[in-house]
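The values are calculated or read from the model by the stated rules, or taken from the named source; none is laboratory data. Treat the numbers as computed from the prediction; the structure is a model and nothing was measured. Counting neighbours? That spans all protein chains shown, and the Cβs are built from the backbone with ideal geometry, glycine included. All accessible areas refer to the heavy atoms of the entire protein, side chains included, with ligands and DNA or RNA removed. Shrake-Rupley method; radii C 1.70, N 1.55, O 1.52, S 1.80 Å.
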Amino acid sequence: MGQPAAGETSESGLLRLARRGDLDALEQLIVRHERRIFALALRMTGRAADAQDAAQETFLRLHRRIREIETERSLGPWLSAVAVNACRDIGRQRRRSRLVPMPAGAAELPGLEADPERLAAARESEAWLRAGLATLPEKERAALLLREREGLTTAEVARALGSSEVTVRSQICNARIKLRRFFGKREELG
Amino acid sequence: MNCPDWEERIAAADGAAEDAGVAAHLARCASCARFAAALAEDAERLRAEPPEAAEVDYRAMRCAVRSQIVRRRRVRGVAAVLALAASIVLAVDVAKVSKAPLLPVVQAIRLPEPPLYQTPTYPAKPVRSRPATSPNLDRQFEAFLRARNPRPEAVPPPRIPTANPNVTIIWMEETQGDSRE
């Protein structure tokens, strides 16, 4: 359980050490991906608490199935796919999909009671994005995030979601159009 | 210009370079070019990091992951020790059994194979023939029996008088074989 050797700080070296049971190496791998995985989970679930649970579950699965990862190049897409599926599992476990209905009112266009001026621009934009994502069906959201945010290929997305490439292409296309219409409405109002 | 038919094609294309037709259309249609630009902005929004990502206590999350892994390893270790103990106990038992005298080996006895079934051949039924008898012969045989076993003289049954002169008890004794008389 020692520190990884100087020459083995690359992801492949860390993976090799982690496979041998080195928890420090595993922790270093987690450090490299935790922020990205949390952000993805937050986009999927819409709630920070759920996103943290999903990220934690993702890294536990990484420990359990670390031998399945063949190369360092596949670790990023692998983690993204696992994170998306962990989010879906969490949604199922809670008996209601947090991925479709957002917290009350968040998925609707803001009325008079919401004052955008009181919100920071970034926060406002984020809230809108989350509300827009919440209007999408779970699989379309997952496909869109894996494609646009994580940069997975269509084949990788299809593998992650257990769908065909044709289905994934259609899901991504629908999700893009729906999200654009949602933002279009917002822009009209704003 | 409104091009709803193109919306889907533009949204499906991963960049104008992927679909030459889309690129050509975007070059001459301002509305669709705006739509494509808006899609690109949306993708950029999706790629942006949410503000909460900077506020998360990642160290605490890593600690939680690590402690769960350690706990799981402990459980696995205990399970391994228990499995080892169980296998040792099993091995000792097997050794005891192997030291015990062996039971005689039952040898299989080869039984003769049963003969094939053959239809039995029954002897021919004897023809019953009734001997010719004459009535005289029966009578002669009866006389012979009587002569050989003469009947005892019939003894009159004892009579017991009662107080009533009209009533007399006759003591009759019957022995086997007399019922026919």
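Give me the inter-chain shielding for A:172-182: mean count of other chain Cβ atoms within 10 Å, whole number please.
Values: counts 3, 7, 3, 3, 10, 7, 1, 7, 8, 1, 1.
Per-residue shielding by partner chains comes out at 5.
Taking the Cα-to-Cβ direction at B:Glu8 and at A:Lys185 and moving 7 Å from each Cα, how far apart do the two end points lie in nm?
Here the answer is 2.2 nm between the modelled labels.
Can you tell me the length gained on complete extension of the stretch B:Val155 to B:Ala54, counting 0.36 nm per residue apart and subtracting the Cα distance?
Gain in length upon complete extension: 22.1 nm.
R0 = 41 Å: FRET efficiency of B:Ala80 with B:Arg110, Cβ-based, nearest 0.05?
Computed FRET efficiency for B:Ala80 and B:Arg110 comes out at 0.20.
Between B:Arg34 and B:Cys63, what is the label-to-label distance in nm when each label sits 7 Å out along the Cα-to-Cβ direction?
It is 5.3 nm.
For chain B, with all protein chains present and a 1.4 Å probe, just round the carbon and sulfur fraction of the accessible area to a whole percent. Write down the numbers at each step before the final one.
Values: 9610 of 16010 Å².
So the carbon and sulfur contribution to the accessible surface is 60 percent.
If I ignore ligands, DNA and RNA and count only protein heavy atoms, how much of B:Phe141 is accessible to a 1.4 Å probe, in Å² to the nearest 10?
120
Estimate for me the total accessible surface buried between chains A and B (protein heavy atoms, probe 1.4 Å, no ligands or nucleic acids), in Å² to the nearest 100.
Approximately 3700 Å² gets buried when A meets B.
No partner Cβ under 4.7 angstrom, meaning no disulfide-compatible partner by this rule: which Cys of chain B qualify?
Result for chain B is B:Cys3, B:Cys63, no neighbouring Cys Cβ within the cutoff.
Between B:Ala27 and B:Ile170, 0.36 nm times their residue separation minus their Cα-Cα distance comes to what?
Working: separation 143, 0.36 × 143 = 51.48 nm, distance 15.22 nm.
Extra length available between B:Ala27 and B:Ile170 comes to 36.3 nm.
Output ³J(HN,Hα) for region B:80-95: one whole-Hz value per residue in order, computed from phi by the Karplus curve 6.51 cos²θ - 1.76 cosθ + 1.60 with θ = phi - 60°, and x for Gly and Pro.
So the Karplus estimates, Gly and Pro as x, are 5, 4, 4, 5, 5, 4, 4, 5, 5, 4, 5, 5, 4, 4, 5, 5 Hz.
With Rg and the Kirkwood Rh both taken from Cα atoms, where does Rg over Rh land for chain B?
My calculation of the ratio gives 1.80.
Under 24 Å Cα to Cα from A:Lys178, which lysines show up? Leave out anything in the same chain fewer than 8 places away.
A:Lys178 reaches A:Lys139.
Using only atoms on other chains, find how many Cβ atoms lie within 10 Å of each Cβ of peptide B:50-61 and report the average.
That average works out to 6.
What does the accessible area of B:Trp6 come to, in Å² to the nearest 10, when a probe of 1.4 Å is used?
The accessible area comes out at roughly 60 Å².
Need one number for region A:1-97: average projected area of the convex hull over its C-alpha atoms, nm². Show your work: numbers first, answer last.
Numbers: hull surface 23.8 nm².
Here the figure is 5.9 nm², rounded to one decimal.
Given 10 Å bins starting at zero, what is the percent of C-alpha pairs of region A:113-190 in each, up to the one with the largest pair distance?
19, 43, 25, 12, 2
Just the accessible area for A:Lys139, please: 1.4 Å probe, Å², rounded to the nearest 10?
A:Lys139 has an accessible surface of roughly 70 Å² with all protein chains in place.
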